[in-house]
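Presented below is the structure to which this report refers.
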Amino acid sequence: MKIGLFVPCYVDALHPEVGIATLELLERFGLDVVYPPNQTCCGQPMSNTGCEEEARATEALFVKNFSGFDYVVAPSGSCVRQVRDYLTAVEQTPEVLHLRKTTFELVEFLHDVLKVDAFPWAEFPHRVAIHNNCGALRGLRIASMSERREPFFSKPKALLSKVSGIEFCDLERPDECCGFGGTFSVFEEGISAKMGQDKVEDQIGSGAEYVTSSDSSCMMHQEGCARRMGADLKYIHIAQILNGNAA
C-alpha cells in the first residue's frame with residue numbers, strides 16, 4: 001500500500017515533530033510512505049474566507065503532488081476535511097474525485113482502514129483529556145456528537161485505549177469548539193480567546209495532565225490560552241502518543 005504523507009503548513013512550520021511521528025507511525029505498519037517534497041497548503045485558509053477562485057492554483061498543485069497514491073494521510077482533521085469536502089475550485093475530474101475520496105485523517109485511517117488493534121511499542125502513563133477538532137468531529141465523524149443524541153463512540157479514544165498506562169479524563173463539554181477556527185481566530189479575536197479560555201478551564205477541571213488531539217492547530221490555540229492563564233497543562237498530538245514518543 002503506497003501512502004502519500006500530507007503534512008499541513010502549520011505542522012511543517014511550527015510542529016514538525018508531529019509530521020515525523022506520523023511518518024514513523026505509518027512505517028511501523030509496513031506501509032510505503034512517500035512525502036512529496038513540493039507540497040504546499042491545501043487551500044483551506046482561502047476557502048474559509050470565501051476566496052475559492054484564489055484557491056484554484058493551490059488546489060491544482062495539491063492534486064499534482066498527491067495523485068497516484070492508494071491513500072493520502074494527514075495528521076489534521078481540518079485539512080483533510082478541506083480536501084474531501086471543499087476541494088472544488090479545480091475541475092472535478094475522475095483523478096480529483098478519487099483523490100478527495102482517498103484522503104484520510106490519521107485517526108480515521110488507523111481506525112477504519114488499517115483497523116489497528118495494538119500499539120505494543122507505546123506507553124503513556126498520564127492522565128489525558130481528548131480534544132476533538134470541529135472539522136474532524138462534525139466533518140469526518142471521528143466521534144459522537146451531543147447534538148445528535150447518538151450512542152457514544154470515539155475513534156481517538158478507541159486507539160488510545162490500546163496504549164499502556166493511559167488514564168482518560170472526561171471533559172464536561174467534550175464536543176464544544178475551542179475557538180480557533182482558523183481565520184475566525186483572527187477576525188473575532190476576543191470571542192476566540194474567551195472560547196479558548198473556557199476550553200482550558202474545562203480541561204483543568206477534568207484533572208488532566210495532558211491534552212491530546214489529532215489537530216495541532218486547535219492545540220496551539222489552547223496552549224497559548226493555557227500559558228496566559230498559568231495553567232499546568234501539556235499538549236501533545238495523538239500521533240506522538242501512538243508512536244511511543246516520550247512526553
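A compact table of results
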quantity: Residue that is nearest to ASP70 (Cα to Cα), among those in the range 87-121 that are outside any helix (DSSP H, G or I) and touching a strand residue (DSSP E or B) at 6+ places or on another chain (Cβ under 7 Å); calculated: THR102
quantity: Yes/no for GLY196 being in contact (Cβ under 8 Å) with a residue 40 or more places away in the chain and assigned by TED's automatic domain parsing to the domain that holds SER216; calculated: no
quantity: Subset of the range 57-80 [surrounded by fewer than 22 Cβ atoms within 10 Å (Cβ to Cβ), in contact with a helix residue (DSSP H, G or I) (Cβ under 9 Å, 6 or more places away or on another chain) and part of a helix (DSSP H, G or I)]; calculated: THR58, VAL63
quantity: Top-ranked residue of the range 182-214 - restricted to ones that are touching a His at 6+ places or on another chain (Cβ under 8 Å) and not in a helix (DSSP H, G or I), ranked as farthest from VAL80 (Cα to Cα); calculated: GLU209
quantity: Pair list, Cβ < 6 Å and 6+ apart or interchain, from the range 230-241 residues that are more than 16 Å from GLU105 (Cβ to Cβ) and not assigned by TED's automatic domain parsing to the domain that holds GLU27 to residues that are assigned to a helix (DSSP H, G or I) and among the charged types (D, E, K, R); calculated: TYR235/GLU223
quantity: Matching residues, the range 122-131, being out of contact with any Asp or Glu (no Cβ under 6 Å at 6 or more places or on another chain), of a type outside the set (Gly, Ala, Ser) and either farther than 15 Å from LYS157 by Cα or assigned to a loop (DSSP other than H, G, I, E, B) (or both); calculated: PHE124, PRO125, HIS131
quantity: Single residue of the range 99-128 satisfying the filter (aromatic (Phe, Trp, Tyr) and under 18 Å from the mean Cα position of the chain (by Cα)) that is nearest to VAL72 (Cα to Cα); calculated: PHE104
quantity: Answer residue from the range 10-39, given it is surrounded by 14 or more Cβ atoms within 10 Å (Cβ to Cβ) and polar (S, T, N, Q) and is modelled with the lowest pLDDT among those; calculated: GLN39
quantity: Exclusive hit being without any contact (Cβ under 8 Å) to a residue 60 or more places away in the chain, among the hydrophobic types (A, V, I, L, M, F, W, C), farther than 24 Å from CYS218 by Cα and out of contact with any Lys or Arg (no Cβ under 8 Å at 6 or more places or on another chain), set LEU23, LEU114, LEU61; calculated: LEU61
quantity: Test result for LYS157, part of a helix (DSSP H, G or I), in contact (Cβ under 8 Å) with a residue 24 or more places away in the chain, over 20 Å from PHE6 (Cα atoms) and of a type outside the set (Phe, Trp, Tyr); calculated: yes
quantity: Whichever residue in the range 149-207 is crowded, with 16+ Cβ neighbours inside 10 Å and hydroxyl-bearing (Ser, Thr, Tyr) and, among such residues, is modelled with the lowest pLDDT; calculated: SER185
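The values are calculated or read from the model by the stated rules, or taken from the named source; none is laboratory data. As the structure is a prediction and not an experimental result, all values here were calculated from the model. In this analysis, Cβ positions are derived from the backbone assuming ideal geometry, glycine residues included, and neighbour counts consider all displayed protein chains.
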